[in-house]
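What follows is calculated from the coordinates using simple rules that are stated; it is not laboratory data. What you see is a predicted model, and the numbers here were worked out from it, not measured in a lab. So basically every Cβ, Gly included, is an ideal-geometry build from the backbone, and we count neighbours across all protein chains shown.
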Amino acid sequence: MQCNECQRSMVMTHDHGGTRDPQAETHLQGCVTCQTFARNLQGLDGLLLADTPDQVRPGFDTRFFARLNEQRKQPARRWHLWHLVAPLTGAVAAGVLGVILLAGPRTAPDLGDDLEVAMHLEMLEDLEVISNLEDTEAFEILAKLDEDDLRTLLTEEEMQ
Amino acid sequence: MLAFQAGSEEAFVKLYRLYRDRIFNFARRMLGDQAQAEEAAQDVFLKIYRAKDRYRANSKFSTYIFRVASNHCLNLLARKEHRLTDHGEMADHPSNNDDPESSASRSQLRSIIAEAVRDLPSKQAAALLLCLHEGMTYRDVAEALDTSESAIKSLVFRARETMMKKLSTQLPGAEEVAHAVQ
């Protein structure tokens, strides 16, 4: 067994308990490097755990519940918009796929078409990323989308 | 959480009380600053409140809330807004019940640790903190960080390797550490 494998095994056992891999145990008996690693693994955790939990400062709860009340007062319009992202992503994906399929195979692809397809794929990737984000981040990105990009996407959806 | 989804505001307050300190401390260790960690922790609970309908009971609530907290801290770090360059700013808001001497030594220790954590790639830092301080399994951490279990094993291992090098002077047998981890 190599030192690296032995050390990985030690970290896993260290994190989740249980008995150490017999091969790692044998390696450890005769390897000064890994013995030092084992010692320092304990030392490192001891040091990190010395950073004991702290408490929030006075007024934290008051500030939080004030923010929560503010949020309750706001209409949930952003949430409604968020629901449009997933269907829009699907529709646009279908639209772009349709365009690509309808265009059919080309014997001599030209650079302009490739560029267009690449741009569409890039937009699709953006939308996939958006659909995986929390709502706040998603709308920050949506806000940055160019108006022309959105118009293109919607046109393609209508064509489909 | 299911009670909160069903409309019980009281259930949300219970969740908040239960997880407030854990989320705050996770954010503090990730961001390295008390004030920013407090704001981040509040943001996390506001997100949980806003997105209550999106919670699915197929994972533990603790995994879910740490997923939200990790994403939020990773986003903040990615935007560089919370990357502090002067570690003199770290942990400089002593908590209410510290005596000056222990507060100073703890502050110094925190500065050293926080600097080492800050130098880690953000995802390694999150994986290590969740494993070490929250006692989460690799599987739960993987779910929280939206990656595979094997990726988490690797992240945690590399985080520890790097930390051992960074903190070598603070560890027992310090002079041997640099050789041991190479």
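Relative to 2.2 N^0.38 Å, what does the C-alpha radius of gyration of region A:3-49 come to as a ratio? Two decimals please. Show your work: numbers first, answer last.
Values: Rg = 10.3 Å, N = 47, 2.2 N^0.38 = 9.5 Å.
Taking the Cα Rg and dividing by 2.2 N^0.38 Å, one obtains 1.08.
Net charge of the neighbourhood of A:CYS31, taken over other residues with C-beta under 12 Å away and scored Lys/Arg +1, Asp/Glu -1, is -2. Here the ratio of the Cα radius of gyration of region B:26-67 to 2.2 N^0.38 Å is 1.28. Sorted on the mean count of surrounding Cβ atoms within 10 Å across their residues, most packed first, peptides B:52-61, B:110-119 read B:110-119, B:52-61. Fewest neighbouring Cβ atoms within 10 Å first, the residues A:MET10, B:MET30, A:MET1 line up as A:MET1, A:MET10, B:MET30.
Taking neighbour Cβ counts within 10 Å as the exposure measure, how do A:LEU84, B:LEU130, B:LEU15 sort from fewest upward?
Sorted ascending by nearby Cβ count, the order is A:LEU84, B:LEU15, B:LEU130.
Please compute, for peptide A:34-43, the average count of beta-carbon atoms on other protein chains lying within 10 Å of each residue's beta-carbon. Mind dumping the intermediate values first?
On the way: counts 1, 3, 10, 8, 1, 6, 13, 5, 2, 9.
The mean count of partner-chain Cβ atoms within 10 Å per residue comes to 6.
All Cα-Cα separations within region B:6-48 were binned at 10 Å from zero, giving a P(r) of 31, 49, 17, 3, each value a whole percent of the pairs. Arranged from fewest to most other beta-carbon atoms within 10 Å of their beta carbon, A:ILE100, B:ILE65 become A:ILE100, B:ILE65.
Looking at region B:1-33, none of the chymotrypsin sites (Phe, Trp or Tyr not before Pro) sits in a DSSP loop with at most 16 other Cβ atoms within 10 Å of its own Cβ. Relative contact order for region A:3-49: 40 percent, from Cα pairs under 8 Å spaced at least 6 residues apart, divided by residue count.
Past the 29 Å Cα-Cα mark, which pairs from A:LYS73/B:LYS123; B:LYS47/B:LYS166; B:LYS123/B:LYS166; B:LYS60/B:LYS153? Pairs exceeding 29 Å: A:LYS73/B:LYS123; B:LYS47/B:LYS166.
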